[in-house]
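To keep things clear, I will list the structure first and then write my remarks on it.
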């Protein structure tokens, strides 16, 4: 598995797409801190960038890479190599390359302009989202053989988590406003890793007015060390479950 990880990692790090992604993150990060004027404004702008761009890139790139590597995967499957090693090796290689791009693109401006708990929390959330959305991309690609359908599914997942989920949650709150919804609201927020990441970072900042409805609710319910720990645990669970599910499907799939 180690050789597979090294091969995939070396191949992806030389990709123009990953290099362009890294350059975009680096330029956008420095630009947000320069244009924002205040560090807090730069962090909020960078957070928005991370929550929108990182999941989209990880979903689309991870899905396309899996389909483009299908012949290589079939070749490895014909060898005395466990399927689990093949899938995990591919996943770790892609996630490692995208994580490296994230670090190179985000870490320098954060260290220079916002070397604080909030800044490093933002970086950690970005890394967690990179890993978990890469895992979701692999799950979608393993589950369906058709490339167009797989890419479409990846875009649909991003659209739901980035745009649709908050609207649906607001609709539920509106129709059931006369009922106690604290626990159901927590459950709905936990079902969206982008929301979780956003709230974990913003809970470190005094910007509750900019957090939106779900963020403000999370600040009331989870505005403590225990609450933030629960949010981090939920993100880790989001990263682990797709890996286990895709491994289970891949081991039983007819290549």
Distance between modelled label sites at residue 254 and residue 172, nm, 7 Å Cα→Cβ extension: 3.9
Rg/Rh for the range 51-161, where both radii come from Cα atoms and Rh is the Kirkwood radius: 1.05
Cα-based helix-to-principal-axis angle, 117-143 vs the chain, degrees rounded to 10: 40
Ranking of 12, 17 by count of other Cβ atoms within 10 Å, fewest first: 17, 12
Label-point separation in nm, residue 100 to residue 143, each point 7 Å along Cα→Cβ: 3.0
Calculated FRET value between residue 81 and residue 236, using beta carbons and R₀ = 30 Å, to 0.05: 0.60
Computed Rg/Rh of the range 18-71, alpha carbon atoms with Kirkwood Rh: 1.15
Acute angle (nearest 10 degrees) that the helix 225-252 long axis makes with the longest principal axis of the chain, alpha-carbon atoms: 20
Structure-based [θ]222 nm, the chain - -39500 (n - 2.57) summed over DSSP H runs of at least 4, per residue, nearest 500: -28000 deg cm²/dmol
Nearest 10 degrees, 0 to 90: helix 212-222 Cα axis against the chain principal axis: 90
Alpha-carbon centroids, the range 72-98 and the range 1-64: separation in whole Å: 23
Kirkwood Rh in Å, taken over the chain so that all alpha-carbon pairs contribute: 19.1
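Coordinate-derived values only; no laboratory data. What you see is a predicted model; the values in this text were computed from it and never measured. Neighbour counts run over all protein chains shown; Cβ positions are idealised from the backbone, glycine included.
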